[in-house]
Amino acid sequence: MLLVRLLGALDEGRHSFEGLRERIAQDGPLPSPRSLRRYLSVLADSNFPWFYDRTRGVYRFVDGYSLRALKLDRGEIFGLVALRSLAKSLGGSVGEAVDTLARRVVGSGEGQGAEPSSLSIGMPLPRAQLDERTESVRETIAAAERDRRVVTIEYVDRYGKRSTRDIEPYGLIVGGGRYYCVGYDRMRRARRTFALDGIESARLTARTYQRPAEFDMEKWMSSSISGLMTGDAAHEVVVRFDPRIAKAAVAASSRLDRDVLQGEEGGVDLRLRVADLDELLRWVLGWGGEARLLGPPSALLAMRRLLAEIARHYDGQPT
């Protein structure tokens, strides 16, 4: 948010260093001089051509560069319309902000041969439901991540067990209609994933932390089907898919840590590295009889046990 405000201030081309601090703070706390220099460095590394105009004593973009008059082609407008559709699944103020931004940018590109109003994109994703409390928790955690501050949470897990945790937020995941926080749990001394609707309260502390430089959210999520059962990949399994669903299975697993092996007559074998074996087994069952677990033996044994448990639910039922 601050970087977007800074881009707008640079585009105005009339602010000194102190003026930039006041401009991007708006009604909030002033960023420190060190933080502002870091933000300017981030923009420079991202190839935004700003410079300090010594003659006028202001920070601005080079002549001829502006963000005000965007020229969007059809592909770019299509992408923004897709972004608006995706925003609906985010829910709360996040979804509204993304939708508003996309509308404004699409509007600035109209009249260039594109027809954004004629595009219709459906994304059947579960909408994240955020009540007032959960929205407040999300904002607190987002602020903690931005300022690298430890946050104390009162948490209720899926079994109803309550606990107080000090966590270092690394980021947020939206999945299955819910928001999750990925972070380092100082109590457990390990990285954990917390459902935001399970956090009854969140409070910023004065303690700070450094997010590990090697942490990568995409890599963290790549060991889980849902992106939530995360951790160091501990199981390598092979699943065979019939030709009728091979393309769909490859697409559905594209984010995972995997190898795709072409099989006979259009079928595929997927070698997957996952953190949670139970989650993987349930995913395989979701493909019905057109997917078959090939190994290793420990995974096959776990699948037999799961199938036996499922069969017991139907013992004695009329056929």
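Taking amide H as placed 1.01 Å from N in the peptide plane, the amide H of TYR179 sits under 5 Å from that of LEU196, ASP197, each at least 5 places away or on another chain. Is the C-alpha gyration tensor of the stretch 171-315 telling us rounded, prolate or oblate? Criteria: a/c under 1.5 is rounded; beyond that, a/b larger than b/c is prolate, otherwise oblate. It comes out prolate by the Cα gyration axes. Bridging of LYS219 to aspartates and glutamates at a Cα separation below 13 Å is possible for ASP232, ASP257, once same-chain residues fewer than 8 apart are set aside. Taking other residues whose beta carbon is less than 12 angstrom from the beta carbon of LEU36, and scoring Lys, Arg as +1 and Asp, Glu as -1, yields +4. With Cα atoms defining each centre, the stretch 1-19 and the stretch 242-313 are spaced 51 Å apart in the structure. Please give every one of the aspartates and glutamates within straight-line cross-link reach of LYS88, meaning a C-alpha to C-alpha distance under 17 Å, and leave out same-chain neighbours fewer than 8 residues apart. Excluding near neighbours in sequence, the set is GLU96, ASP99, ASP131, GLU135.
Applying 1/(1 + (r/R0)^6) with r as the Cβ-Cβ distance of SER32 and SER254 and R0 = 35 angstrom yields a FRET efficiency of 0.30.
Converting phi to 3J(HN,Hα) with the Karplus coefficients 6.51, -1.76 and 1.60 and the offset θ = phi - 60°, the stretch 269-285 yields 10, 10, 9, 10, 10, 10, 8, 10, 5, 4, 4, 5, 4, 5, 5, 4, 5 Hz in sequence order, with x at every glycine or proline. Summing Lys and Arg as +1 and Asp and Glu as -1 over all other residues whose Cβ lies under 11 Å from the Cβ of ALA248 gives a net charge of 0. Let me check I've understood the local charge: for VAL239, count other residues with C-beta under 9 angstrom from its C-beta, Lys and Arg +1, Asp and Glu -1. What total comes out? Its environment carries a net charge of +2.
Across the stretch 298-315, coupling constants 3J(HN,Hα) worked out from phi with the 6.51/-1.76/1.60 Karplus curve, θ = phi - 60°, read 5, 6, 5, 5, 5, 5, 4, 5, 5, 5, 5, 5, 5, 4, 5, 5, 10, 4 Hz, and Gly and Pro carry x. Taking amide H positions as modeled 1.01 Å from N, with prolines and chain starts lacking one, the residues under 5 Å from GLY263 and 5 or more places away or on another chain are VAL268, ASP269.
First check a/c for the stretch 132-215, with a ≥ b ≥ c the square roots of the eigenvalues of its C-alpha gyration tensor; if it is under 1.5, answer rounded, and if not, answer prolate when a/b is larger than b/c or oblate otherwise. Note, shape of the stretch 132-215 comes out rounded. Close amide H partners of ARG207, meaning residues 5 or more places away or on another chain with modelled amide H under 5 Å apart, are VAL150.
With Rh defined as the Kirkwood radius, the inverse of the mean 1/r over Cα pairs, the Rg/Rh of the stretch 235-312 is 0.95. Extension gain, ARG312-ASP45: 0.36 nm per intervening residue step, less the Cα-Cα distance, totals 90.1 nm.
With θ taken as phi - 60° and the Karplus curve 6.51 cos²θ - 1.76 cosθ + 1.60 applied, the whole-hertz 3J(HN,Hα) list for the stretch 198-214 is x, 8, 7, 7, 9, 10, 5, 10, 7, 6, 10, 8, 10, 6, x, 4, 7 Hz, x standing for glycine and proline. Loop-located chymotrypsin sites (Phe, Trp or Tyr not before Pro) in the stretch 182-285 (DSSP state other than H, G, I, E, B) with a sparse environment of at most 14 neighbouring Cβ atoms within 10 Å: PHE215. Taking a straight line from the alpha carbon of LYS247, these aspartates and glutamates sit under 16 Å away, with near neighbours fewer than eight places off in the same chain left out: ASP259, GLU264, GLU265, ASP269, GLU290.
Where a number appears in this text, it was derived from the coordinates with a stated rule and is not lab data. The model shown is predicted, which means the values in this text are computed figures rather than measured ones. As a convention, Cβ positions derive from the backbone with ideal geometry for all residues, glycine included, and neighbour counts pool all protein chains shown.
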